[in-house]
Amino acid sequence: MKGTAKSDLFRELPAVDELLRVPEVSRLAAGAGAAAVTDAARAVLARLRHEIASGLLDRPALQISLRGVQEAIEGQLRQALGYSIRPVINATGVILHTNLGRAPLAQAVLAHIRETAGYYSNLEFEIEAGVRGKRDVHVERLFQRLLGDAAKVPGGSAGLRPGGTAEAAVPTSAQVIPSSAEISTIVVNNNAAAVLLALNTLAEGGEVIVSRGELVEIGGSFRIPDVMAKSGAILREVGTTNRTRIADYEKAINERTRLLLRVHRSNFEITGFTEQASTTELVELARKRSLPLMEDLGSGALVDLESLGVAGEPSVLDRLRAGVDVVTYSGDKLLGGPQAGLISGRADLVARMRSNSLFRALRVAKLTYAALEATLLAYIKRDHDAIPVLKMMRLTKDEIGKRAEALAGQVRSPKMKAEVSDGESVMGGGAAPSAVLPTRLVALSCEGLSADELAARLRASDPPIIARVEEGRVLLDLRTVFAEQDREVVAGLQSIDRS
């Protein structure tokens, strides 16, 4: 298109004031405000100018665009004033999907947030005494009930005979477990913050001994050595990537040593020719040399996951029973609550962290405390199915298969095909990297669309449906789709079929 022709098209564009006087547009201003509608009109006109300048619009195309300018302004207004964070349907089968917000919250959690966030609350106020209180107390009492068992069997599983009966509780130097009153928990904004606070409090200026095979990198390129450097502690690596013995730790201890650190490899595995010092050995060494032992569990579970088909993930209680002094873990992974970093362990060590000025910089707000309190109450009531993450883990292959067959049966079109096949769900979120849960998948194909194009159409649904693409097929795993969302998935598929 020649420059003169473009200039003619530019002259056909209306002025902003002219658009605002159009009745349909002026009515939008009554609801959204004149400033917002003016900005939307400017954005639409700017887009038309760009398309003219790029040669994308000739006169007929411009006339069509101008006839729909009111609709374009309304659409621009919705986009500008709408929420950016939107609910999506997670049909990937990845239970703790980091990109999709990890753990969905329980209904009781949402209700508790509504009732405490919409009004004033006693976040830091003791109602009976009428004085200022501490925000920790709302969850500390619950953690003490959940983790108090750490004191009941000295040495944890070491206190059981092969037959399963308890031996006489005679603690050795390696089995000095705090009483329930001596176990405390504090909350910060995520697990990286928990590790940072613990290392800064317990080892600033001193050395922390950790196996080379445990120098993990978590999502977003955050690495344990980097977090340690920010804490002011000095990293002392021992062993090799695949083999680290207890003797390696012992030889590295010197007058500058402040802490022994175990990092649970929650997002990868090392297999083959490997060796790792046991927790019992580390506890014994820590007691022998009067050093605290800390373990970064990463995910952190409050229930035994073996019964749910997930092996190799120690619980927080397991580690405290074994004699680990400080355990750090996440709130929004295997625990199934809000994003938070949790530090549980010896009350004297946790008290030092609470008095660290860094704790105030990392502390969480009332919404997190409300969500965490409601989540922990579900554990205390043993209402595990109320926690979506645990319920998803407990779903059987047959239960998912029935829903998958029902959903596939509603796709009746020569254009869209749906077949049900066996598959596997995964934990995700850097938790239990080798754990897979058997499931049934809905495999989709659509005439005229590639798998990637079909997946893109699903993402364009309202609400967006996020699926997996494998081997040229679009796969839906209903393990991570709430049952009430099945009809929305069907509606999304039918919409694509009609387009």
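In the set (1) touching a residue at least 24 places away in the same chain (Cβ under 8 Å); (2) farther than 30 Å from VAL442 by Cα, HIS97 fails one condition alone, (2). The numbered conditions (1) within 28 Å of ARG363 (Cβ to Cβ); (2) at pLDDT below 50 are all true for ALA194 except (2).
Check whether at least one residue in segment 93-107 is touching a helix residue (DSSP H, G or I) at 6+ places or on another chain (Cβ under 6 Å), in a helix (DSSP H, G or I) and buried (at least 17 other Cβ atoms within 10 Å of the Cβ), and report yes or no. Within segment 93-107 (the criterion being touching a helix residue (DSSP H, G or I) at 6+ places or on another chain (Cβ under 6 Å), in a helix (DSSP H, G or I) and buried (at least 17 other Cβ atoms within 10 Å of the Cβ)), the answer is no, since none of the residues qualifies. Per the listing LEU449, LEU493, the residue uniquely more than 20 Å from ILE400 (Cβ to Cβ), modelled with pLDDT under 95, of a type in the set (A, V, I, L, M) and surrounded by 14 or more Cβ atoms within 10 Å (Cβ to Cβ) is LEU449. Exactly one residue out of LEU493, LEU444 is over 24 Å from the mean Cα position of the chain (by Cα) and either of a type in the set (S, T, N, Q) or part of a helix (DSSP H, G or I) (or both): that is LEU493.
The set of residues from segment 135-154 being assigned to a loop (DSSP other than H, G, I, E, B) and modelled with pLDDT under 90 comprises ASP136, LYS152, VAL153, PRO154.
Which residue is nearest to SER450 (Cα to Cα), if the candidates are limited to segment 467-484 and must be surrounded by 20 or more Cβ atoms within 10 Å (Cβ to Cβ) and under 21 Å from the mean Cα position of the chain (by Cα)?
Residue satisfying both the conditions and the ranking: ALA467.
Name, by its number, the condition in (1) in contact with a His (Cβ under 7 Å, 6 or more places away or on another chain); (2) without any contact (Cβ under 8 Å) to a residue 40 or more places away in the chain; (3) under 16 Å from ALA203 (Cβ atoms) that does not hold for ASP296. Here ASP296 clears every test but (2).
Could you say which residue among ARG86, ARG49, ARG27 is outside the structural domain of GLY337 (by TED's automatic domain parsing), modelled with pLDDT of 90 or more, basic (Lys, Arg) and in a helix (DSSP H, G or I)?
Details: ARG86 fails: in a helix (DSSP H, G or I); ARG27 fails: modelled with pLDDT of 90 or more.
Exactly one residue qualifies, and that residue is ARG49.
Return yes or no: is GLU74 more than 30 Å from VAL489 (Cβ to Cβ) and modelled with pLDDT under 95? It is false that GLU74 is more than 30 Å from VAL489 (Cβ to Cβ) and modelled with pLDDT under 95.
Scanning segment 442-469 for residues that are touching a Leu at 6+ places or on another chain (Cβ under 8 Å) and among the basic types (Lys, Arg) gives ARG457, ARG468.
Taken together, the criteria exclude LEU372 from residues that are modelled with pLDDT of 95 or more and farther than 30 Å from TYR120 by Cα.
Tally time: how many residues in segment 390-404 are free of Cβ contacts under 8 Å to residues at least 60 places away in the same chain and outside any helix (DSSP H, G or I)?
In the first step, residues of segment 390-404 are kept if they are free of Cβ contacts under 8 Å to residues at least 60 places away in the same chain; the result is 391, 396-399, 401-402.
In the following step, the residues that additionally are outside any helix (DSSP H, G or I) were identified as 396.
Selection size over segment 390-404: 1.
Quick check on my filter: what residues within segment 405-424 are small (Gly, Ala, Ser) and in a helix (DSSP H, G or I)?
Restricting attention to segment 405-424, the residues satisfying the condition of being small (Gly, Ala, Ser) are 406, 408-409, 413, 418, 421, 423.
Listed by number, the residues that qualify are ALA406, ALA408, GLY409.
Within segment 393-418, the residues that satisfy the criterion of being modelled with pLDDT of 95 or more and charged (D, E, K, R) are LYS397, ASP398, GLU399, LYS402, ARG403, GLU405. Output the residues belonging to segment 323-362 that are without any contact (Cβ under 8 Å) to a residue 40 or more places away in the chain and surrounded by fewer than 22 Cβ atoms within 10 Å (Cβ to Cβ). Answer for segment 323-362, where residues must be without any contact (Cβ under 8 Å) to a residue 40 or more places away in the chain and surrounded by fewer than 22 Cβ atoms within 10 Å (Cβ to Cβ): SER355, SER357, ARG360, ALA361. Taking (1) hydrophobic (A, V, I, L, M, F, W, C); (2) within 27 Å of the chain's Cα centre (by Cα); (3) part of a helix (DSSP H, G or I) in turn, ALA80 satisfies each apart from (2).
The values are calculated or read from the model by the stated rules, or taken from the named source; none is laboratory data. These numbers were taken from a predicted model, which means no experiment stands behind them. So basically every Cβ, Gly included, is an ideal-geometry build from the backbone, and we count neighbours across all protein chains shown.
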